[in-house]
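Notes for the one structure printed next.
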């Protein structure tokens, strides 16, 4: 958190506020108040991704004014709960969603439009995955 705050100050951003919060439960912000949420490879680590999307949607300004930018790992095949490996969860593989499930979850939580800004294909343990940067 300190590094991000320091970098924002160095870049002379005057309208940036860095906060930590629990995106599965409640972020300590009022609803409909945030312009941009940046999620950098964190949603795939959450066991309750639906709540994570709902909480981000809750704090964003309404009517597509608020934006959520996600840098995340997307997989072609999700891992079932009985097959999860804690090491692979921590390196992001087992917790990743398919692109279709990311979009499905976000739509269910109120997000209405999606743009994939960039995709890079990588292989790990013989499995194809995609690093995706997207914006709602």
Practice task
Please list, ordered by first then second residue, the pairs with beta carbon atoms under 7 Å, 6 or more apart or interchain, first in segment 42-61 and within 16 Å of residue 75 (Cβ to Cβ), second part of a loop (DSSP other than H, G, I, E, B).
Solution key: 44/92; 44/95; 44/96; 45/95; 46/23; 46/24
Handout entry: When residues of segment 18-29 are limited to those that are at pLDDT 85 or above and within 21 Å of residue 5 (Cα to Cα), the one surrounded by the fewest Cβ atoms within 10 Å (Cβ to Cβ)
Key = 28
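Run down 88, 104 and say which single residue is at pLDDT 75 or above, under 16 Å from residue 43 (Cα atoms) and in a helix (DSSP H, G or I). I'd like the intermediate steps shown before the answer.
On the way: 88 fails: at pLDDT 75 or above.
The conditions single out 104.
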Practice task
Take residue 64 and decide whether it is more than 15 Å from the chain's Cα centre (by Cα) and closer than 21 Å to residue 100 by Cα.
Solution key: yes
Practice task
Please go through segment 52-84 and pick out each residue that is loosely packed, with under 14 Cβ neighbours inside 10 Å and assigned to a helix (DSSP H, G or I).
Solution key: 81, 82, 83
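Okay, residues lined up against (1) at pLDDT 85 or above; (2) more than 15 Å from the chain's Cα centre (by Cα):
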{"site": "45", "(1), (2)": "no, no"}
{"site": "50", "(1), (2)": "yes, no"}
{"site": "54", "(1), (2)": "yes, no"}
{"site": "80", "(1), (2)": "no, yes"}
{"site": "92", "(1), (2)": "no, no"}
Fill in the blank from the handout: Inside segment 24-51, the number of residues satisfying the requirement of being touching a strand residue (DSSP E or B) at 6+ places or on another chain (Cβ under 8 Å) and in a helix (DSSP H, G or I) is 3
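The values are calculated or read from the model by the stated rules, or taken from the named source; none is laboratory data. All values reported here derive from a predicted model rather than from experimental measurement. Virtual Cβ from ideal backbone geometry, glycine too; neighbours counted across all protein chains shown.
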